[in-house]
Amino acid sequence: MSRRPQSDRILAVKLYYQFLDANIVRRNWLDSNAPEYQFFERWAQHFEDYENVNDSSRGGRPTSTLTPKNKELMLEYFDENPKIGNSVRQQELNIPHSIIQRLAHSLHFKSYVLHRIQAFSEADNLVRLDFCR
């Protein structure tokens, strides 16, 4: 559920102290989208305890690390070191791997994985010919 704006919280506290009953306040609310009666009681109690109607920050999912500052940092790093893998970027920038992948994908960069390729020698050529026969 979304938070109510501060103007609603101020009005809720004023009306609660005017009528002293949350159900009456709910019936006298300005529009048809009236909050539940617990909203009025909770904010009146909050006002008595803290003398304000500011909403405190809430726990839950942390804010994204894909901030404009981090985007700029990653873009500079992509330009400076285009051939470095994402795992190295993750360690050096201290930004989660998923964020780096998301930004790279949005910029149409292609990720790559380095593979070791075995070099063939003349002896390998003979062994391969014997295998094919």
* Listed residue (Phe19, His105, Ala123) projecting farthest to the positive dipole end of the chain, Cβ model -> Ala123
* Could you give the length gained on full extension between Gln38 and Ser106, defined as 0.36 nm per residue of separation minus the Cα-Cα distance, in nm? -> 20.1 nm
* Asked: Once both labels are modelled 7 Å past Cα along the beta-carbon direction, what's the Lys14-Asp55 spacing in nm?
  -> 1.9 nm
* How far is helix 122-132 tilted, in degrees, relative to the longest principal axis of the Cα atoms in the chain, given as a value from 0 to 90 rounded to the nearest 10? -> 80 degrees
* Nearest 0.05, what FRET efficiency do Lys69 and Ser7 give at R0 = 30 Å with Cβ-Cβ as r? -> 0.40
* Structure fact -> The value for the stretch 6-50 (convex hull of the alpha-carbon atoms, volume per residue, Å³) is 61 Å³
* For the chain, what is the calculated [θ] at 222 nm in deg cm²/dmol (nearest 500), taking -39500 (n - 2.57) for each run of four or more DSSP H residues and dividing by its residue count? -> -17000 deg cm²/dmol
* **Calculated FRET value between Ile84 and Phe120, using beta carbons and R₀ = 25 Å, to 0.05** => 0.30
* Structure fact -> Computed over the chain, protein heavy atoms only, probe 1.4 angstrom, the accessible area per residue in square angstrom equals 83 Å²
* Dipole moment magnitude, nearest 20 debye, the chain about Cα centre, only Lys, Arg, Asp, Glu C-beta charged -> 380 debye
* Give me the angle, in degrees from 0 to 90, between the Cα long axis of helix 97-106 and the longest principal axis of the Cα atoms of the chain, rounded to the nearest 10. => 80 degrees
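The values are calculated or read from the model by the stated rules, or taken from the named source; none is laboratory data. Source: prediction; values computed, not measured. Neighbour counts run over all protein chains shown; Cβ positions are idealised from the backbone, glycine included. Just the protein is used for accessible areas: all its heavy atoms, side chains included, with ligands, DNA and RNA removed. Shrake-Rupley method; radii C 1.70, N 1.55, O 1.52, S 1.80 Å.
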